[in-house]
Amino acid sequence: MNMKLDYLKYNHQAWNKLSEKGNRWTVPVSEQEILEAKKGVLRLLLTPSRFVPESWYPPKGSRVLALASGGGQQVPMLAAAGYDVVSFDNSERQLDADFKTANSFGLHVTCIKGDMNDLSCFDKNSFDAVFNPCSTGFVPDVANVYHQVGQVLKPGGLFMTGFANPVIYLFDIFLAEKGEFRLKYSQPYSDLDSLDEVELKHFMDANEPLVFGHSLAAHFKGQIDAGLGLVDMFEDYWGEQNPLDKYFPGFIATVSRKLDKDSVLSL
Ligand SMILES: C[S@@+](CC[C@H](N)C(=O)[O-])C[C@H]1O[C@@H](n2cnc3c(N)ncnc32)[C@H](O)[C@@H]1O
């Protein structure tokens, strides 16, 4: 990996700037959405467009870790729906949006700044659920994030996550923006290693967070190795007229349950 660039430091600043500019993932929910969440109608997103099915919701009152979920969206809605929410995000701006939005509706949330690579500030087995909207693409080692989640979840606890289908990263990016798809990059993809200097500069000049395209094996085997047993999944599209939507759904959401030791296969 390009070790000269500190991806964590860069992404921290990039997300703070995106939050200032009002990027789609940083615009707080409306009063209407909070009122509906209070009635139990939750419009939670793990992926760009499709709402999380109600059957995935943990029981009301559950202690939920909203992992890399800042921005005043999912976190205040979860609090309005009666969950005890801890928001953990690497951008203080995104956390500020959670805190201020929740506060403006008289809701309580706990906000903690940190890196999803290390959840050791939390006690083991201390959350009933972990809610993780698309964000593991901002770190190089997704298996470690799943391991961290496995540590802080209670046995039987739920882990909901959204992630990109790794195929979306394989095409020539500049041609893809014009709707022309030509394979260019190999899997696993990393902005730091897959792009040449000119391409990397183009995205960094535009304040794009650095991304890593993990293989499907990294996602599924990573969860299995962390003791997280798959319960359900769905696929989703970008929306917003992304040309890839014509060909396949670029996102995947999964819900898994932390297995107790006896339920884990020893092969
Ligand atoms: C696409 S946004 C998701 C939040 C959005 N409000 C949502 O509900 O989907 C990605 C979030 O991941 C956070 N993030 C990126 N890298 C992180 C890291 N290493 N540790 C913790 N949070 C991180 C960003 O600050 C940002 O708030």
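The values are calculated or read from the model by the stated rules, or taken from the named source; none is laboratory data. A quick note: this is a predicted structure, and the numbers were derived from the prediction, not measured. As a convention, Cβ positions derive from the backbone with ideal geometry for all residues, glycine included, and neighbour counts pool all protein chains shown.
Can you tell me which residue among LEU170, LEU210 is in contact with an Asp or Glu (Cβ under 7 Å, 6 or more places away or on another chain) and modelled with pLDDT of 95 or more?
The unique qualifying residue is LEU210.
I'd like the residue in region 16-52 that is buried (at least 17 other Cβ atoms within 10 Å of the Cβ), within 21 Å of VAL109 (Cα to Cα) and of a type in the set (Ser, Thr, Tyr) and, out of all such residues, is nearest to the chain's Cα centre (by Cα).
THR26
Can you find even one residue in region 149-166 that is within 16 Å of the ligand (Cβ to nearest atom), of a type in the set (Val, Ile, Thr) and either in contact with a Gly (Cβ under 7 Å, 6 or more places away or on another chain) or on the phi > 0 side of the Ramachandran plot (or both)?
Among the residues of region 149-166, not one is within 16 Å of the ligand (Cβ to nearest atom), of a type in the set (Val, Ile, Thr) and either in contact with a Gly (Cβ under 7 Å, 6 or more places away or on another chain) or on the phi > 0 side of the Ramachandran plot (or both), which makes the answer no.
Quick one: in region 78-97, which of the residues that are near the ligand (Cβ under 9 Å from one of its atoms) and over 17 Å from CYS121 (Cβ atoms) is surrounded by the most Cβ atoms within 10 Å (Cβ to Cβ)?
GLN94
Looking at SER126, SER194, which is the one that is surrounded by fewer than 18 Cβ atoms within 10 Å (Cβ to Cβ), at pLDDT 95 or above and away from the ligand (no atom under 15 Å from the Cβ)?
Details: SER194 fails: surrounded by fewer than 18 Cβ atoms within 10 Å (Cβ to Cβ).
Unique residue meeting the criteria: SER126.
Have a look at SER69, SER62, SER104 and point out the one that is surrounded by 18 or more Cβ atoms within 10 Å (Cβ to Cβ) and more than 10 Å from the ligand (Cβ to nearest atom).
So the residue among SER69, SER62, SER104 that is surrounded by 18 or more Cβ atoms within 10 Å (Cβ to Cβ) and more than 10 Å from the ligand (Cβ to nearest atom) is SER62.
Can you say whether SER120 is buried (at least 17 other Cβ atoms within 10 Å of the Cβ) and within 16 Å of the ligand (Cβ to nearest atom), as far as the supplied structure shows?
no
Got a number for residues in region 24-51 being away from the ligand (no atom under 11 Å from the Cβ) and within 21 Å of ASP236 (Cα to Cα)?
Qualifying residue count for the region: 5.
Mind listing just one residue for me: the one in region 213-256 that is of a type in the set (S, T, N, Q) and over 16 Å from ALA164 (Cα atoms) and, of those, modelled with the lowest pLDDT?
If we take residues in region 213-256 being of a type in the set (S, T, N, Q) and over 16 Å from ALA164 (Cα atoms), then GLN241 is modelled with the lowest pLDDT.
Any residue at all in region 209-222 that is more than 21 Å from PHE51 (Cα to Cα), surrounded by fewer than 12 Cβ atoms within 10 Å (Cβ to Cβ) and over 16 Å from the mean Cα position of the chain (by Cα)?
no
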